[in-house]
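Structure first, then comments.
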Amino acid sequence: MLVGLAFFGILVGFSSGFFGIGGGTILVPALIYFGYDIKMAIGISVMQMIFSSMFGSYVNYKAGVLQLNSGIFLGFGALFGAALSGFIVKALPQMALLILFAAILSMSIYKFFTAPIEPKSTPNESKLLLFVVGVVIGAIAISTGTGGAIFLTPVLVGFMNWDIKKAVGTTLFFIIFGSISGFISLSANGLVDYNAGVAVGIGSLIGVYFGVKLAHRVEKKVQKRALLILYVVMFVLTVNKILSELNIL
């Protein structure tokens, strides 16, 4: 089982590097499908994010697509927000977490779809605003096991006029802070399978390298379309899980 998770981690890592996500967008629904409880799936997902986000951010920094100064303020905000994740996950029932994830994902799809490929005004890089955004997204995203990029990228591109390449690179860096803080919080509440987390994390190191390299080469329009497809697929899978839990399917 652990070997299989490691190979699956390669796919998760590739997606993490290419889309600038933590990997939980793919990993959490997949682990649920394979029989893991959503709370334990979130714990495994957050643990592997530490591996992929650190290595992927290093590659992005070397390529010049990481807004380091802005990313630090987002990251410090995520540290505060993600620290609440263990309490949120423990307090909310599984159905509430699923509905929360689906609702925020639907809003992300809409905002990202309507955002222009090229920014039409100067990017907003207010340090205070970035910190507040980090707190809110860190708390919500880590609690749903996604790392935050699936929510943060639409905010940076759609609301703050960031270039999509730099938004993707910076959100992966943001995930470092949230994943570490979330991992500590989730571990303290007994919600992490360490063996599975390490297995997926090691595999993700291989995948993230190739994902980041491909992200640097593709056109912005292609990258945006790929992100939208990913968001829609994850939304459909989540809704399917909700309907199954309600015995509708």
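Collect the residues in region 187-226 that are farther than 17 Å from S52 by Cβ and in a helix (DSSP H, G or I), keeping them in residue-number order. Listed by number, the residues that qualify are S187, A188, N195, R217, K220, K221, V222, Q223, K224, R225, A226. For I50, the criteria (1) at pLDDT below 85; (2) of a type outside the set (S, T, N, Q); (3) within 18 Å of I137 (Cβ to Cβ) hold in every case but one, which is (1).
When you look at K62, is it modelled with pLDDT of 85 or more and loosely packed, with under 15 Cβ neighbours inside 10 Å, yes or no? Taking the combined requirement at face value, the residue satisfies it. For residues that are out of contact with any Ser or Thr (no Cβ under 9 Å at 6 or more places or on another chain) and not in a loop (DSSP other than H, G, I, E, B), scanning just region 143-165, find the one that is least open to solvent (accessible area, probe 1.4 Å). Among residues in region 143-165 that are out of contact with any Ser or Thr (no Cβ under 9 Å at 6 or more places or on another chain) and not in a loop (DSSP other than H, G, I, E, B), the one least open to solvent (accessible area, probe 1.4 Å) is V157.
For region 2-17, filtering for residues that are open to solvent by less than 60 Å² (accessible area, probe 1.4 Å) and touching a residue at least 40 places away in the same chain (Cβ under 8 Å) leaves 10. Looking only at region 207-240, residues that are over 17 Å from Y33 (Cβ atoms) and open to solvent by 50 Å² or more (accessible area, probe 1.4 Å) come to 13 in all. L31 falls short on exactly one of the conditions (1) in a helix (DSSP H, G or I); (2) touching a residue at least 12 places away in the same chain (Cβ under 8 Å); (3) within 24 Å of L156 (Cβ to Cβ), and that condition is (3). Are any of the residues in region 26-33 open to solvent by 10 Å² or more (accessible area, probe 1.4 Å), closer than 20 Å to L243 by Cβ, hydroxyl-bearing (S, T, Y) and at pLDDT below 85? Looking for residues that are open to solvent by 10 Å² or more (accessible area, probe 1.4 Å), closer than 20 Å to L243 by Cβ, hydroxyl-bearing (S, T, Y) and at pLDDT below 85, one finds at least one in region 26-33, hence yes. Out of all the residues in region 185-224, which are within 15 Å of N60 (Cβ to Cβ), of a type in the set (D, E, K, R) and over 19 Å from the mean Cα position of the chain (by Cα)? Scanning region 185-224 gives a single hit, R217. For L152, state whether it is in contact with a Gly (Cβ under 9 Å, 6 or more places away or on another chain), hydrophobic (A, V, I, L, M, F, W, C) and under 21 Å from L84 (Cβ atoms). Spelling it out, L152 is indeed in contact with a Gly (Cβ under 9 Å, 6 or more places away or on another chain), hydrophobic (A, V, I, L, M, F, W, C) and under 21 Å from L84 (Cβ atoms). Pairs meeting the criteria (first residue in region 70-96 and more than 10 Å from S143 (Cβ to Cβ) and hydrophobic (A, V, I, L, M, F, W, C), second residue modelled with pLDDT under 75 and not in a helix (DSSP H, G or I), beta carbons under 8 Å, at least 6 apart or on different chains) are A78/G148.
The values are calculated or read from the model by the stated rules, or taken from the named source; none is laboratory data. What you are looking at is a predicted structure, and each value in this text was computed from that prediction instead of being measured. FYI the Cβ positions are ideal-geometry reconstructions off the backbone, even for glycines, and counts take in every protein chain you see. Surface accessibility is based on the protein's heavy atoms, side chains included, excluding ligands, DNA and RNA. Shrake-Rupley method; radii C 1.70, N 1.55, O 1.52, S 1.80 Å.
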